[in-house]
Amino acid sequence: MRVETVTTPELLDQAIAVRLEVFVTEQGFDAEGERDAVDDDPRTVHAVCLADDGTMLGTARLVAPGTDSGRGVDGGIGGMDASVPHIGRVAVTRAARGTGAGRALMEFLEREALERFGVDGEARVEVSAQRQAMPFYRSLGYTAFGDAYLDEHVWHQDAFRIVRDA
């Protein structure tokens, strides 16, 4: 398995297809809101996890500070700090869950956040996690903060991790 940055419109379409499958088909989120302006922002880093044979296993995105005005205390959903990077839209296909694809995506984007936005060898990275996924994020070193909140019909919890140079 490998993780790579999305560099073509075709690969971004495949990543969005995974998100639609996971968030819309499986979880019942609104399809209209799944693709947003953040996806097209040149500061957003999209990543995909691919099997050795090229099969798409999952996707996630790194959102640059100041990019997503719809989230956090200024956007009215959750308490994330818009001045720090956050990782979102983490989606792993049903067949790839439990294989390490989600962890690989998170570690890849955390390194990207440190490289792009780190100061003095560290970067605070935040996530808006579905509450049922919090054990996964805790296993990666994330700490919950603020109150849980309902985003569409699913409870979410904000969490953060300080990513440091190795």
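The values are calculated or read from the model by the stated rules, or taken from the named source; none is laboratory data. This one's a predicted model, so the numbers in the text were calculated from it and none came from an experiment. Virtual Cβ from ideal backbone geometry, glycine too; neighbours counted across all protein chains shown.
Please name all residue pairs, on different chains or six or more residues apart, with Cβ atoms under 9 Å, provided the first residue is in the range 101-112 and is modelled with pLDDT of 95 or more and the second residue is part of a helix (DSSP H, G or I).
GLY102/ALA96; GLY102/ALA133; GLY102/PHE136; ARG103/PHE136; ARG103/SER139; MET106/PHE136; MET106/TYR137
Enumerate the pairs (first residue in the range 113-134 and free of Cβ contacts under 8 Å to residues at least 40 places away in the same chain; second residue anywhere and outside any strand (DSSP E or B) and buried (at least 21 other Cβ atoms within 10 Å of the Cβ)) with beta-carbon separation below 7 Å, excluding pairs fewer than 6 apart on the same chain, so at least 6 apart or on different chains.
Hits for this filter: ALA129/TYR137.
Restricted to the range 9-59, and to residues that are charged (D, E, K, R) and buried (at least 16 other Cβ atoms within 10 Å of the Cβ), which residue is farthest from HIS153 (Cα to Cα)? Let's see the steps before the verdict.
Taking the range 9-59 and keeping what is charged (D, E, K, R), we get 10, 13, 19, 21, 26, 30, 32, 34-36, 39-41, 43, 52-53.
Still in the running and buried (at least 16 other Cβ atoms within 10 Å of the Cβ): 19, 34, 39.
On the way: ARG19: 17, GLU34: 14, ASP39: 22 Å.
The extreme case among them is ASP39.
Would you be able to say whether some residue in the range 24-36 is aliphatic (A, V, I, L, M) and touching a strand residue (DSSP E or B) at 6+ places or on another chain (Cβ under 7 Å)? Walk me through how you get there before you give the answer.
Going residue by residue through the range 24-36, those that are aliphatic (A, V, I, L, M) are 24, 31.
So of that shortlist, the ones also touching a strand residue (DSSP E or B) at 6+ places or on another chain (Cβ under 7 Å) come out as none.
So far as the range 24-36 goes, no, none of its residues is aliphatic (A, V, I, L, M) and touching a strand residue (DSSP E or B) at 6+ places or on another chain (Cβ under 7 Å).
Could you tell me how many of the residues in the range 111-161 are touching a strand residue (DSSP E or B) at 6+ places or on another chain (Cβ under 6 Å), in a loop (DSSP other than H, G, I, E, B) and surrounded by 16 or more Cβ atoms within 10 Å (Cβ to Cβ)?
1
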